[in-house]
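Written out below as structure tokens is the structure these notes cover.
The values are calculated or read from the model by the stated rules, or taken from the named source; none is laboratory data. For clarity, every value in this text was computed on a predicted model and none was experimentally measured. FYI the Cβ positions are ideal-geometry reconstructions off the backbone, even for glycines, and counts take in every protein chain you see.
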Amino acid sequence: MMRIAAVQINAHPDSAANLAKMAYWVERLMERDRPDLIVFPEYCAYISSNADLLRANAEVEGKGPACDLMSTLAAKHDVHIHLGSLIEQRGGRYYNTSILFDRSGAITARYSKIHRFDVTLPDGTQILESLMVDGGEEVVVADIDGVKIGFSICYDLRFGELFRALEAKGAQVILVPAAFTQQTGIDHWEILLRARAIETQCYVVAPGQIGSYDNGTRTSFGHTMAIDPWGLIMAQAPNSESAITVDIDIDHLNAIRAKLPVSQHHVLK
């Protein structure tokens, strides 16, 4: 059994305020629920639609205020922390990167978002993430206390082939930290999360940003969720800054896979 907490916050272009919120939730969750793993949303440490501001607030290869704080908190509380994502400068390039800290505060895994969000929303708003960050290439699955955790970020959710690759690498839980837009989230967030859980027969834990930023010009959908391997919603956050905590039962997952062995029936590769 593994206990996972997913945190839903409204981040802004204010790194110090965002980090204070994150520290608050780590302290509160460790006092309240004692999770084994705490997961934050995409762009939790700093969020902006301005590429120059994002890059100016990048952390360099896992070193900076957000990474230092999460490392300290992980060691202090003997807990794994998944820093949903931040802008990371690595090798002279910028990436939207998830970073995992173990119980000692050491970085044990990182994943850079493969699919960048280049779209025009129904209201005409154009978002071009590819102008802000480069795309990652590696499919990442990490071992946390014997449970295989697959990594994805936000827009990755629309690409079933990534989730299939995570399941093929042994994933039992897939994390989807996100800043899903209000417009697309209303129609697609829940159905995509549940579909990915059903397809892969994995638990899916998806912490989302909530509320607006950049003076109200951008709004995130929230609705942080945890889905079981049968596609059922285990928990969903209210429409506010909050957190959900769920217990991951690998015996339940194995029973579903044994009765409906989807992974053995793939024909098209």
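So the values come out like this:
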read-out	value
Where residue 104 falls short, out of the listed (1) surrounded by fewer than 21 Cβ atoms within 10 Å (Cβ to Cβ); (2) modelled with pLDDT of 95 or more; (3) within 19 Å of the chain's Cα centre (by Cα); (4) of a type outside the set (Val, Ile, Thr)	(3)
Some residue of the range 110-130 being in a helix (DSSP H, G or I) and either farther than 28 Å from residue 20 by Cα or touching a residue at least 24 places away in the same chain (Cβ under 8 Å) (or both)	yes
Filtered residues of the range 215-235 (kept if in a loop (DSSP other than H, G, I, E, B) and among the polar types (S, T, N, Q))	215, 217, 224
Qualifying residues in the range 236-261 (those that are without any contact (Cβ under 8 Å) to a residue 40 or more places away in the chain and outside any loop (DSSP other than H, G, I, E, B)) - the one farthest from residue 148 (Cα to Cα)	236
Extreme residue, nearest to residue 185 (Cα to Cα), among residues of the range 248-265 that are surrounded by 16 or more Cβ atoms within 10 Å (Cβ to Cβ) and touching a strand residue (DSSP E or B) at 6+ places or on another chain (Cβ under 9 Å)	248
Flag for residue 190 being touching a residue at least 24 places away in the same chain (Cβ under 8 Å), surrounded by fewer than 18 Cβ atoms within 10 Å (Cβ to Cβ) and not in a loop (DSSP other than H, G, I, E, B)	yes
Residue within the range 141-154 that is modelled with pLDDT of 95 or more, touching an Asp or Glu at 6+ places or on another chain (Cβ under 8 Å), assigned to a helix (DSSP H, G or I) and surrounded by 23 or more Cβ atoms within 10 Å (Cβ to Cβ) present	yes
Residue match in the range 51-68 (condition: touching a residue at least 40 places away in the same chain (Cβ under 8 Å) and under 15 Å from the mean Cα position of the chain (by Cα))	no
Filter result for the condition that a residue is of a type in the set (Val, Ile, Thr), under 24 Å from residue 142 (Cβ atoms) and over 15 Å from the mean Cα position of the chain (by Cα), over 184, 200	200
Residue match in the range 200-211 (condition: out of contact with any Lys or Arg (no Cβ under 7 Å at 6 or more places or on another chain), loosely packed, with under 15 Cβ neighbours inside 10 Å and not basic (Lys, Arg))	no
Residue ID - modelled with the lowest pLDDT, chosen from residues in the range 18-69 that are basic (Lys, Arg) and assigned to a helix (DSSP H, G or I)	55
Search result, residues across the range 59-82 that are surrounded by 16 or more Cβ atoms within 10 Å (Cβ to Cβ) and touching a Lys or Arg at 6+ places or on another chain (Cβ under 9 Å)	62, 74, 75, 77, 79, 80
Looking only at the range 1-17, and only at residues there that are out of contact with any Ser or Thr (no Cβ under 8 Å at 6 or more places or on another chain) and part of a loop (DSSP other than H, G, I, E, B), the one that is surrounded by the most Cβ atoms within 10 Å (Cβ to Cβ)	11
